[in-house]
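Here the structure comes first, spelled out in structure tokens, and everything after it is commentary.
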Amino acid sequence: DVLSTAAKQAGETTKFSATQAGDALNYLALAGYDANKAVEALPIVLNTAAAGGMDLAYASDLITDSMSALGLGMEELSSFSDRLAVTSQKSNTNVAQLGEAILTVGGTAKTLSGDVVEMNTALGILADNGIKGAEGGTALRNVILSLSAPTDKAAGMLEQLNVTAFDAAGNMRPLQDTFGDLNTALSKLSDQEKTAALNEIFNKVDLKSVNALLGTSAERFDELSGYIENCEGA
């Protein structure tokens, strides 16, 4: 049987046992992968688990659940896994923490203009500031929602600051651009006014994360997103 052969081959050629590979194939099957797709996906899952120092079954569950939350298809498995690996290499997080963050931000990230690259970049920057795992995912989700579906008070403050999260076509602009504009607008205010403005726009619990994004240079955004964009084979 094709699954048994794949599990045995993985056991002979990788650091994982045939039993562990079999568990991973079971998780892939539970995620809706047929036998051929599961066999095709297995080497990618093996590499991701090895890169992240993770249990193989946990890695396969994490990857398929994350991709499902983002609405990604099987054909994007390789690039998604490459991006997990390179983000963990180039920012202060690991694959397991990043996967947990992605699961938490979930489908909210679909509204980002830069898709998976922008999501990983933002999560990597939050991780650089000590905001990792589910905490980072929650923070990013809340920031996206605060900007894309602001309360009336928040919308009024954004308008007052002449900051918009959307382009002329009504699509969400890159977070980097919106935070750049917000930084410029806030620089003209006193510290007290700045704090009041941020409290109007964002949830108080997210201000640590908001300040981390505001305090990150455009160069760092560009550097990290560049690594994540061009990471085939990572």
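The values are calculated or read from the model by the stated rules, or taken from the named source; none is laboratory data. Note that this is a predicted model, so its numbers are computed, not measured. Note that each Cβ is placed from the backbone with ideal geometry, even for glycine, and that neighbours are counted across all protein chains shown. Side chains are part of the model used for accessible areas, which takes the heavy atoms of the whole protein and leaves out ligands, DNA and RNA. Shrake-Rupley method; radii C 1.70, N 1.55, O 1.52, S 1.80 Å.
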Gyration tensor on Cα atoms of segment 1-134, a ≥ b ≥ c root eigenvalues, a/c under 1.5 rounded, else prolate if a/b beats b/c, else oblate, says prolate
Could you work out the relative contact order of the chain? I mean the mean sequence separation of Cα pairs under 8 Å and 6+ apart, divided by the number of residues, in percent.
18
The answer for the net charge of residues other than Asp167 whose Cβ lies under 13 angstrom from its Cβ, with Lys and Arg +1 and Asp and Glu -1, is -1
Expressed to two decimals, segment 83-138 has a Cα Rg over Rh, using the Kirkwood radius, of 0.92
Can you list the HN-Hα couplings for segment 105-111, worked out from phi with the Karplus curve (6.51, -1.76, 1.60; θ = phi - 60°), rounded to whole Hz and with x for Gly and Pro?
5, x, x, 4, 5, 4, 7
With DNA, RNA and ligands ignored, accessible area of Ser187 (1.4 Å probe; Å², nearest 10)
80
Any chance you could check the Cα centroid distance between segment 13-29 and segment 160-223 for me, in angstrom?
44
Enumerate the lysines that Lys90 could reach by cross-link, defined here as Cα to Cα under 19 Å, with residues fewer than 8 away along the same chain left out.
Lys132
By what distance, in whole Å, do the Cα atoms of segment 112-156 stretch along each of the three principal axes, largest value first?
31, 21, 14
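How would segment 36-107 be classified by its alpha-carbon gyration tensor: rounded, prolate or oblate, with rounded meaning a/c under 1.5 and the a/b versus b/c comparison settling the rest? Spell out each step's value before the answer.
Details: a/c = 1.60, a/b = 1.18, b/c = 1.36.
The shape class here is oblate.
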Just Ile63, Ile125, Ile44 to compare: in a GNM of the chain, with alpha carbon springs under 10 Å, which one fluctuates most?
Ile44
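If you add up the charges near Leu98, with Lys and Arg at +1 and Asp and Glu at -1, over every other residue whose beta carbon is less than 15 angstrom from its beta carbon, what do you get?
-3
Heavy atoms only, probe 1.4 Å: what % of the accessible area of segment 188-234 goes to carbon and sulfur, would you let me know? Don't jump to the answer; show the numbers that get you there.
On the way: 1320 of 2860 Å².
It is 46 percent, rounded to a whole number.
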More than 24 angstrom apart: percent of Cα pairs within segment 84-234
27
What are the residues whose amide H is under 5 Å from the amide H of Phe166, where those residues sit 5 or more places off or on another chain and H is modelled from the backbone?
Arg173
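Using a probe radius of 1.4 Å on heavy atoms only, what accessible surface per residue do you get for the chain? Whole Å² is fine. Before the final figure, lay out the partial values.
Values: 11010 Å² over 234 residues.
Here the per-residue accessible area is 47 Å².
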Accessible surface ranking that places the most exposed of Ser4, Ser225 first, with a 1.4 angstrom probe:
Ser4, Ser225
For segment 112-128, what does the Karplus curve 6.51 cos²θ - 1.76 cosθ + 1.60, with θ = phi - 60°, yield as ³J(HN,Hα) per residue in whole Hz, taken in order and with x for Gly and Pro?
5, 5, x, 6, 5, 5, 5, 4, 5, 4, 4, 5, x, 5, 4, 4, 4
Probe radius 1.4 Å, ligands and nucleic acids left out: which of Glu76, Glu223, Glu12 has the largest accessible area, and how do the rest follow?
Glu12, Glu223, Glu76
Given Lys153/Lys204; Lys153/Lys194; Lys15/Lys37, the pairs whose alpha carbons are separated by over 19 Å:
Lys15/Lys37
Rounded if a/c is under 1.5, else prolate if a/b is larger than b/c, else oblate: which is segment 147-221, with a ≥ b ≥ c the root eigenvalues of its Cα gyration tensor?
rounded
Counting Lys and Arg as +1 and Asp and Glu as -1 over every other residue whose Cβ sits under 11 Å from the Cβ of Val116, the net charge comes to -3
HN-Hα couplings for segment 149-160 via Karplus (6.51, -1.76, 1.60; θ = phi - 60°), in whole Hz with x for Gly/Pro, come out as 9, x, 5, 4, 5, 5, 4, x, 5, 4, 5, 4
